[in-house]
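Undergrad: Quick one: this structure, given as structure tokens, is what I'll be asking you about.
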Amino acid sequence: MSSTTNYKRRQFLQYSAGAAAASFLPQVLLAQTNTVKSRASANFHPDVEIEFTTRNAFAPIFQQGPKTAVFKYNAHVLKGPQNTVLPLKNNYLGPILNFIKGQKIRIYFNNKLDEPSVIHWHGLHVPQKSDGHPMYAIQPGEQFVYEFEVKNRAGTSFYHSHTHERTATQVYKGLAGLIQITDDEEQKLDLPSGEYDIPMVLQDRSFNSRNQLTYLRGMRNRVMGFLGEQILVNGKPNMRFDVKTRAYRFRVLNGSNSRIYKLGWEDGTPLIAMGTDAGLLEKPVSKPYFMLAPGERVELWLDFSGRKVGSELVMYSLPHSGTMPMMYERMHGRGGMGMGMMGGRRGGMGMMSGGIPQGSKFKIASFHISKKVTDSPTLPSHLVNIPRLTERDVDNANNPIPIALRMMPIMSPRLNGMSFSMNRVIPLEEVELGSIKKIKIFHEQMGHMGRGGMGMMGGGMGGMMSMAHPIHLHGQQYQVLSRKMTGSRQDAYATVKDGFINEGWKDTVLVMPGEQVEIIKPFQDYKGLFLYHCHNLEHEDLGMMRQFYVG
Ligand code: C2O
Ligand code: CU
Ligand code: CU
């Protein structure tokens, strides 16, 4: 029996063992799919009210030449602390939102674009109706009201468009912004703050000669994901930070559509992380480099103490391999070994994907030591308490919920063999409210598949197409239980494996070809539909998305 048949059989057994084999959602949920407008609710008493708008705008990305046509979020505070919204002038990125744990937030969102849109608060644990599910997209001219309590601990998240089959293009045009949350636990620590607490949003874009954004060319790029020619940090090219001789907190977010970064210094000095996707770590983690896939965050403790005034440090994305299909990597002369420098606008070997090849070395930003000071805080050895979840906490230790990743059929990457469906879940996606589950994310072995067109392409085709997927789950954060690499691309894996942070809370995890990642995720507080998907935004829009029904 082929492994696929085995898998189907297991699925079947799971279905029949599950409660009702109802694959359609309860009527009440279906009814909501048509209710696109929403009003403020009388029984929710917000501490903070914000008015949000998205519209067409022009942003000065380059110092020379015309401004760039973008989509832009604007926001202002109607009620609550004024610093809840920090607008970024002359930037396509949305304003930075500063939330405090426990605050009740109400957001009035007005869509002034010419297409539908919806906002998702990535990393925040909020009710279904305020989570930015694509079913709640509003049409031009409409308003949607989000209401949620900030349940998250101190950390860095972000918000972005989650519009059905338009997430990639809307985020690409600018619909994303940072969220910073603080809480009492964090306030007790003497962490770098104010001017020493700096966002670092990484994105890649391509432009034409008139400074206008260009997007995908051709099907191949959609399947692999968009890779830009130009690296932007906080919405600007050639980013240079002027820093003093002390410690900083840099909140790094990978806001790219599909580019994976391997953050590191050019001289090999290790990096220190103090936080991940969903907040501070228990204690700082030091590694030679950090892998950062789309949707992931890492908070860096960067200490420039002792550096000479006038000197400069360059942070790179270091060469790595194994994230792309084997065919792609062969064409880019990679197989475990690094590549040359590929930076620069419209530079490099762009023939394949029209962008800086995935895995090549390029400059992210430079840090210019501009002033000597002596007030540096020291790195705390302990940050916050994080209860470690183990298999004893879950109710399905021997029967993990599978998330099987598959790149076939071409143009339709899938999860558990299925594409996204707005109003369906299958029994294995029905989870009891309050439960804690083990989930196993792995690459489906396509090699032995003997039906359809796949058989004709020979045994290795599925494996040849296999690539890394950053898997994001909405709702509550999870912990990584284990990582296992059983695939054949071990040499390539060796170029990335030391850069994963498996401590702390996560909401997005990069799963390399041949790798299996087990996570433990609580499903508490809120009933309803919560998406899980590949955060390669091209994959997401191609349907590599499903949802859990928590009930
Ligand atoms: Cu950042 Cu469902 O997304
Ligand atoms: Cu999300
Ligand atoms: Cu993917």
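The values are calculated or read from the model by the stated rules, or taken from the named source; none is laboratory data. Not measured: the values here are computed from a predicted model. Ideal geometry is used to build each Cβ from the backbone, glycine not excepted, and the neighbour counts take in all protein chains shown. Just so you know, the surface numbers come from the protein's heavy atoms only, side chains and all, with ligands and any DNA or RNA stripped out. Shrake-Rupley method; radii C 1.70, N 1.55, O 1.52, S 1.80 Å.
Undergrad: Taking only region 522-537 into account, find how many residues are closer than 17 Å to Arg406 by Cβ and surrounded by 24 or more Cβ atoms within 10 Å (Cβ to Cβ).
TA: 4
Undergrad: So, restricting to strands (runs of 3 or more DSSP E) that lie completely within region 174-289, which ones have at least 3 residues that are in the same structural domain as Thr68 (by TED's automatic domain parsing) and at pLDDT 95 or above?
TA: Hits in region 174-289: 176-182.
The rows are residues; the columns are (1) within 26 Å of Lys283 (Cα to Cα); (2) in contact with a helix residue (DSSP H, G or I) (Cβ under 7 Å, 6 or more places away or on another chain).
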position	(1), (2)
Ala492	no, no
Asp498	yes, no
Lys506	yes, no
Val511	yes, no
Glu515	no, no
Glu540	no, yes
Gly543	no, no
Arg546	no, yes
Val550	no, no
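Matching residues to (1) open to solvent by less than 10 Å² (accessible area, probe 1.4 Å); (2) part of a loop (DSSP other than H, G, I, E, B):
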{"residue": "Asn91", "(1), (2)": "no, yes"}
{"residue": "Leu97", "(1), (2)": "yes, no"}
{"residue": "Glu115", "(1), (2)": "no, yes"}
{"residue": "His120", "(1), (2)": "yes, no"}
{"residue": "Gly132", "(1), (2)": "yes, yes"}
{"residue": "Tyr146", "(1), (2)": "yes, no"}
{"residue": "Ser157", "(1), (2)": "yes, no"}
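Undergrad: Let me ask something additional. For region 30-86, how many residues are of a type in the set (Val, Ile, Thr), part of a loop (DSSP other than H, G, I, E, B) and at pLDDT 95 or above?
TA: Qualifying residue count, region 30-86: 1.
To keep it simple, each residue is scored yes or no on (1) within 16 Å of ligand 2 (Cβ to nearest atom); (2) in contact with a strand residue (DSSP E or B) (Cβ under 9 Å, 6 or more places away or on another chain); (3) more than 19 Å from Glu51 (Cβ to Cβ).
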position	(1), (2), (3)
Ser130	yes, yes, no
Ala137	yes, yes, no
Val150	yes, yes, no
Arg153	no, yes, yes
Thr156	yes, yes, yes
Ser161	yes, yes, no
Val171	yes, yes, yes
Gly174	no, yes, no
Gln180	no, yes, yes
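Undergrad: Residues that are out of contact with any helix residue (DSSP H, G or I) (no Cβ under 7 Å at 6 or more places or on another chain) and within 16 Å of ligand 3 (Cβ to nearest atom): does region 224-242 have at least one?
TA: Looking through region 224-242, at least one residue is out of contact with any helix residue (DSSP H, G or I) (no Cβ under 7 Å at 6 or more places or on another chain) and within 16 Å of ligand 3 (Cβ to nearest atom).
Undergrad: Any idea which of (1) at negative phi; (2) surrounded by 18 or more Cβ atoms within 10 Å (Cβ to Cβ) is the one Lys79 doesn't satisfy?
TA: Looking at each condition in turn, Lys79 falls short on (2).
The rows are residues; the columns are (1) at pLDDT 90 or above; (2) outside the structural domain of Gly279 (by TED's automatic domain parsing); (3) crowded, with 19+ Cβ neighbours inside 10 Å.
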{"position": "Leu379", "(1), (2), (3)": "yes, yes, no"}
{"position": "Pro413", "(1), (2), (3)": "yes, yes, yes"}
{"position": "Phe420", "(1), (2), (3)": "yes, yes, yes"}
{"position": "Glu432", "(1), (2), (3)": "yes, yes, no"}
{"position": "Lys438", "(1), (2), (3)": "yes, yes, yes"}
{"position": "His443", "(1), (2), (3)": "yes, yes, yes"}
{"position": "Gly447", "(1), (2), (3)": "no, yes, no"}
{"position": "Met457", "(1), (2), (3)": "no, yes, no"}
{"position": "Gly460", "(1), (2), (3)": "no, yes, no"}
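Undergrad: Sticking with this structure for a sec: When the residues of region 134-144 are filtered to those that are under 21 Å from the mean Cα position of the chain (by Cα) and not in a loop (DSSP other than H, G, I, E, B), which remaining residue is nearest to Arg166 (Cα to Cα)?
TA: Pro134
Undergrad: Could you please find all residues in region 476-499 being open to solvent by 10 Å² or more (accessible area, probe 1.4 Å) and within 30 Å of Tyr526 (Cα to Cα)?
TA: Of everything in region 476-499, those that are open to solvent by 10 Å² or more (accessible area, probe 1.4 Å) and within 30 Å of Tyr526 (Cα to Cα) turn out to be Gln476, Gln477, Leu481, Ser482, Arg483.
Undergrad: Look at Ala168 and say whether it is within 16 Å of ligand 3 (Cβ to nearest atom), of a type in the set (Gly, Ala, Ser) and either open to solvent by less than 40 Å² (accessible area, probe 1.4 Å) or under 26 Å from Val373 (Cα atoms) (or both).
TA: Taking the combined requirement at face value, the residue satisfies it.
Undergrad: How many of the residues making up region 206-236 are open to solvent by 20 Å² or more (accessible area, probe 1.4 Å) and over 24 Å from Glu540 (Cα atoms)?
TA: 5
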